[in-house]
Amino acid sequence: MSLAPHSGSFGASQQSCSVTAPEESLIVSSSASSGESLQEPDSAIISQKADVMTPAEKLSLCERRAQSLADSEEYDPCIQELVRCLALSRLVYGNEHIAVAQAQSRLAKAYLQYKGWAHQAQEHASQAHEVLRSSQQEERVSCLNCFLTIHQTLGSATLLLGNLAEAESSFQKAEIVIGDIVALEAIGKEDRVDTEYEIFTNLARVYQRQGRPEKALSQCERALELLQEGTQLSRICCVYRNMAAIEQAQGHLDRATEHLLQAHSIALSQSPGGLEGAQIAHSLALVYSSTSEPHHNDSATRFFEESISAYRSALGPQDTLTLSAQDDFSHFLLLTGQQERCAEIQRDSLAYKKSTFGELSAEVAEALQLIGGVEMTQGQMRHAHRTLKKCLNIQNMLYGPQHKKTKATHRTVDMLSQSPEVGERRKESRLETRPPFCAVVSSTSEVTSSISNS
């Protein structure tokens, strides 16, 4: 999940880590950071005049370097510059100035977006909140923007960490703050829509994980109403997909289908045959295939075929999304009695699975198991025995002989080896590999000659 770039240029995402070095320790080496890769003139000056620059000048330079590194997606050195910005802000302004809170909130957002470090982001955002509360808030708009960044960062970090109550509270506070900013007419329409969209969709995620689907759907409806003001069709499509996921989790398949069909229509109008359309078609196929009504089978087949074709076109036949859609389609074909087509799809994908996942992979083993199962139901015992033996060898390597999958396949292979067709083939195989009779027993003339000589 992301945060709207309403305060500074640094967004936000997730995960966890801890600080290993204090920020102040990085001030001294500001001239030796990753600025060498920048194209702006300041990067050449800093190594020559670092000793004569004031802390305020260094801070200004580090802020420009951090922005440039963020723009060029050099995230690790960008975070290093933001750490220096925080240390220099403390040096220039003291520990209880709004500039320190702003620097700390930008660092928190960067940790979350660029590294996914939720614990680190939570720590810095909380510290920024304490600094901002104790600072002299002369610049009301600047303070509100900083509070907005802090609450959104805390919300995303705690959502990732599973603290849903705190995440809900943080996003609700962010909603109040954006309302104050709008009332002061201190934000443009586009930035307001971006920010409110992020808040509404994040609250929907919180409520969904809390098991409150009605409140989650309500936030999705708010997001849809917000997006009607513009032409952001991709976001509208995303909201419909989220609503479908919420409805499907509740077992409301008809409603989920309605939302997905709306998303599908939007995706095709945006980019026919594109990746988003493929993903939605795949979801539609899964919903239709999960119903017990036979008349939905044709729709499921149509959407499976559409998604696989679009995945192949957009990503290639070896991509994991393509192979996953083919596997889902294969299982659907088995359930609807189309075993031969299932085996055909798996045979075609086997080489790609070996290339993508490796010869000894669970995906290859599953393909062989499906193929062998179909061969067995069609009475091709010899082929099924050979295919399932290959599957068994992989499962032995992956899971060991005592795993339930390995044991089940082993029982099937043993059963097949008792069939007359396999037994006859094994007998023929032994005869083919036996040495010729003349190579073991000497000819009659040789025996007679040997006796005479003795």
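Readers should treat all values here as calculations from the given coordinates under stated rules, not as data from a laboratory. This one's a predicted model, so the numbers in the text were calculated from it and none came from an experiment. Note: ideal-geometry Cβ built from the backbone for every residue, glycine included; neighbour counts use all protein chains shown.
Overview of values
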| item | result |
| --- | --- |
| For the stretch 353-427, size of Cβ-based charge dipole, Lys and Arg +1, Asp and Glu -1, in debye | 180 |
| Charge sum, other residues only, whose C-beta stays under 13 Å from residue 312's C-beta, Lys/Arg counted +1 and Asp/Glu -1 | -4 |
| Histogram of C-alpha separations across the stretch 193-334, 5 Å bin width, % | 2, 11, 19, 19, 19, 15, 11, 4, 1, 0 |
| Spacing of the two label points (7 Å from each Cα toward its C-beta) at residue 403 and residue 130, in nm | 4.8 |
| Qualifying GluC sites (Glu not before Pro) in the stretch 65-107, DSSP loop, other Cβ atoms within 10 Å at most 14 | 73 |
| Rg(Cα) / (2.2 N^0.38 Å) computed for the stretch 237-309, rounded to two decimals | 1.01 |
| Whole-number D in µm² s⁻¹ for the stretch 353-427, Kirkwood Cα-pair radius fed into Stokes-Einstein, 37 °C, 0.692 mPa s | 265 |
| Relative contact order (percent, whole number), the stretch 140-227, Cα cutoff 8 Å, 6+ residue spacing | 25 |
| Whole-number Å³ per residue for the convex hull built on Cα positions in the stretch 269-400 | 105 |
| Per-selection Kirkwood Rh - the stretch 276-318 (Cα, Å, 1 d.p.) | 10.3 |
| For the stretch 107-216, fraction of C-alpha pairs farther apart than 23 Å, in % | 28 |
| Share of pairwise Cα separations in the stretch 206-272, more than 14 Å, in percent | 58 |
| 15 Å beta-carbon shell around residue 404, net charge (K/R +1, D/E -1) | +2 |
| The stretch 311-321 - phi-based ³J(HN,Hα) in whole Hz, Karplus 6.51/-1.76/1.60, Gly and Pro as x | 4, 4, 5, 7, 10, x, x, 8, 5, 5, 5 |
| Hypothetical label at residue 54: residues of the stretch 84-121 whose amide nitrogen lies under 17 Å (7 Å Cα-Cβ projection) | 88-94 |
